[in-house]
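Single-structure report; data block below.
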Amino acid sequence: MPRIARSAQVAWEGNLARGSGHVSADTGAFAELPISLPSRIGNPDGKTSPEELLAAAHAGCLAISVAGELTKAEKPPEVLALTARVIVDEVEGKGHQVVASEVDVSGRVPGIDAAEFARIVAVADAGCTFSTLIRASAAVTVRARLET
Amino acid sequence: MAERRADVTWTGDLMSGSGTIDSVGSGAFGPLDVSWPARTEDASGGKTSPEELIATAHASCFSMSLAHALAQAGTPPERLSSSAAVTFVPGSGITKIALTVRGSVPDLDADGFRAAAEDAKANCPVSQALAGINEITLDAQLDD
């Protein structure tokens, strides 16, 4: 299999509390997005954060995995809609940690029932790189709902 | 406690279908397109991917953790330029992340900078969340 490399760049100026930075993706999909500590842990104020980027990565990874498993089962989805929430909390003795990632997956999939959809979403979760990685240190919850 | 959210829509099968990161809770970006070919071929066609988002999350978390460590030590950085390169092998997952940082830090020597960077790499929340990745490397140097 091919090895694929994807990279991002960050520029940061100053200390943590009052400094600020910018993040850019090497594909050019997004560029110069501002980040700061207050917007990371408090009101986002229109700024992204490492945790929001992880939420987007998880939703994207699982969407692709679910589409792949449904395709393998010859039941390709008309549409899947996912929402991922990444939760950071202070853990005693460890500082701030990602403690949970919760993903809701709803799908409109011809020729399938709710139980089969839930089973395939669980298989996709087990095969999603990000779910597997983060499950080592955080609670991963994936809920499946078939639209009828 | 902080909660951060993202919404994604996918249409169609894996190979010919496509997805969109419709929005994120902060409103900072989106919609962004994703697809299987763009994720797994060298030419991304300008589309992001889960791995690029993980690279961005890791580089930004690492930078903030390093800025914090340097400031705590009494040598806040003027500027840090960081990057993360994520290697993805379809079927195997993420096999490597290479972190690189160049810093402009008054009154700090190269060893002190490297030590602070190693600490940030070990302890930033995203590093901890990605601890299952076999190989995470760090190249940390002060600007000339």
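Of all residues in the range A:109-128, those that are of a type in the set (Gly, Ala, Ser), free of Cβ contacts under 8 Å to residues at least 40 places away in the same chain and out of contact with any strand residue (DSSP E or B) (no Cβ under 8 Å at 6 or more places or on another chain) total 3. Restricting A:Ser101, A:Ser131, A:Ser137, A:Ser106 to residues that are of a type outside the set (Asp, Glu) and touching a residue at least 60 places away in the same chain (Cβ under 8 Å) narrows the list to A:Ser131.
The set of residues in the range A:22-72 that are assigned to a helix (DSSP H, G or I) and basic (Lys, Arg) comprises A:Arg40, A:Lys72. Kindly indicate whether A:Leu70 is touching a residue at least 40 places away in the same chain (Cβ under 8 Å), more than 22 Å from B:Glu52 (Cα to Cα) and not β-branched (Val, Ile, Thr). Against the criterion (touching a residue at least 40 places away in the same chain (Cβ under 8 Å), more than 22 Å from B:Glu52 (Cα to Cα) and not β-branched (Val, Ile, Thr)), A:Leu70 qualifies.
Filtered by the rule that a residue be at the interface with another protein chain (Cβ under 7 Å from one of its Cβ atoms), closer than 15 Å to A:Ala84 by Cα and among the small types (Gly, Ala, Ser), the range B:11-48 gives B:Gly19, B:Gly25, B:Ser26, B:Gly27. As for the range B:42-60, it holds no residue that is part of a strand (DSSP E or B), aliphatic (A, V, I, L, M) and under 15 Å from A:Arg40 (Cβ atoms). Checked against the criterion of being under 14 Å from the mean Cα position of the chain (by Cα) and touching a residue at least 60 places away in the same chain (Cβ under 8 Å), the range B:71-86 has no qualifying residue. Restricting B:Gly17, B:Gly46, B:Gly25 to those that are more than 27 Å from A:Ser106 (Cβ to Cβ) and touching a helix residue (DSSP H, G or I) at 6+ places or on another chain (Cβ under 9 Å) reduces the list to B:Gly46.
Listed here are the residues, each with its yes/no results for (1) buried (at least 16 other Cβ atoms within 10 Å of the Cβ); (2) more than 7 Å from every other protein chain (Cβ to nearest Cβ).
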| position | (1), (2) |
| --- | --- |
| A:Gln9 | yes, no |
| A:Arg18 | no, yes |
| A:Gly21 | yes, no |
| A:Gly28 | no, no |
| A:Pro34 | no, yes |
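Given the criteria free of Cβ contacts under 8 Å to residues at least 24 places away in the same chain, surrounded by 21 or more Cβ atoms within 10 Å (Cβ to Cβ), facing chain A (nearest Cβ under 7 Å) and in a helix (DSSP H, G or I), does B:Ala67 qualify? Considered against the rule, which asks whether it is free of Cβ contacts under 8 Å to residues at least 24 places away in the same chain, surrounded by 21 or more Cβ atoms within 10 Å (Cβ to Cβ), facing chain A (nearest Cβ under 7 Å) and in a helix (DSSP H, G or I), B:Ala67 comes out as yes.
Laboratory data are not the source of any read-out in this text; all were calculated from the coordinates shown. Here the structure is a predicted model, which is why all the values come from computation and not from measurement. As a convention, Cβ positions derive from the backbone with ideal geometry for all residues, glycine included, and neighbour counts pool all protein chains shown.
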